[in-house]
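The values are calculated or read from the model by the stated rules, or taken from the named source; none is laboratory data. Here the structure is a predicted model, which is why all the values come from computation and not from measurement. Neighbour counts are summed over all protein chains in view; Cβ atoms, including those assigned to glycine, are modelled from backbone coordinates with ideal geometry. Side chains are part of the model used for accessible areas, which takes the heavy atoms of the whole protein and leaves out ligands, DNA and RNA. Shrake-Rupley method; radii C 1.70, N 1.55, O 1.52, S 1.80 Å.
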Amino acid sequence: MFPKAHAAAYVMSAFRIAYYKVHNPIVYYATYFSTRFNDFDIQAMINGYEAIKNKMIEINNKGFDASNKEASVLETLKLSLEATARGINFGNLDLMKSHSKNFTISEDGKTLIPPFRSIDGLGDVVANNIYEEAQKRPFISVEDFQKRTKSSTTLIDKMRAMGLFNGLPETSQLSLF
């Protein structure tokens, strides 16, 4: 038999979760995305409601041909769709603001900033390296970023395509002419 005290603890936990989902949704979604999900389609999430909905339809149309990763991404997209319908946006990753593994809340209180681990193919060790190096001092170039974080060129290219290095020079060398 299931003990009454255990059942009461579950009910109290459910009430706490429901309270945050209703009264402080940005904290609820930041916590839920940080703790429950490992696979993300960050581009669809950043592009908003319609992009998320279209990606969900694309995965659903595959039916049983969808991979396990796509099924996991679909679960993430379901909650992302709910969050965007409630007025919460997903911002772009930021070299100085993104955390290694936790979603953070921006200054406006309506935008979630994705962590580095949400980039497909980026492991926890490299995500931690990027976050720790960003906390020490700002990156002065893409070359400096690569040296300090020990990131692969494939990851650098992926991050460049996502626009993470916009405004950052390629090399640390100064040009006098």
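Below is a table of values for the structure above.
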item	result
Modelled FRET efficiency - R0 22 Å, Asn89 with Tyr19, Cβ distances, 0.05 increments	0.45
Length gained when the stretch His6-Gln135 is fully extended (0.36 nm per residue, less Cα-Cα span)	42.2 nm
Segment Arg160-Phe64, extension gain: residue separation times 0.36 nm, minus the distance between their alpha carbons	31.2 nm
Packing rank of 66-77, 8-19, where each peptide gets the mean count of other beta carbons within 10 Å, highest leading	66-77, 8-19
Euclidean distance of C-alpha centroids, region 102-118 and region 41-60, integer Å	18 Å
Accessible carbon and sulfur surface of the chain relative to its total accessible area, %, 1.4 Å	55 percent
Accessible surface of Arg117 - all protein chains present, 1.4 Å probe, nearest 10 Å²	30 Å²
Ile46, Ile119, reordered so the largest accessible area comes first (probe 1.4 Å)	Ile46, Ile119
Per-residue SASA entry for His6, accessible area with 1.4 Å probe, Å² rounded to 10	90 Å²
Point-charge dipole on Cβ atoms (K/R +1, D/E -1) for the chain, about Cα centre, debye to 20	580 debye
Mean residue ellipticity (222 nm) of the chain, computed from DSSP H runs ≥ 4 via -39,500 (n - 2.57), nearest 500	-17500 deg cm²/dmol
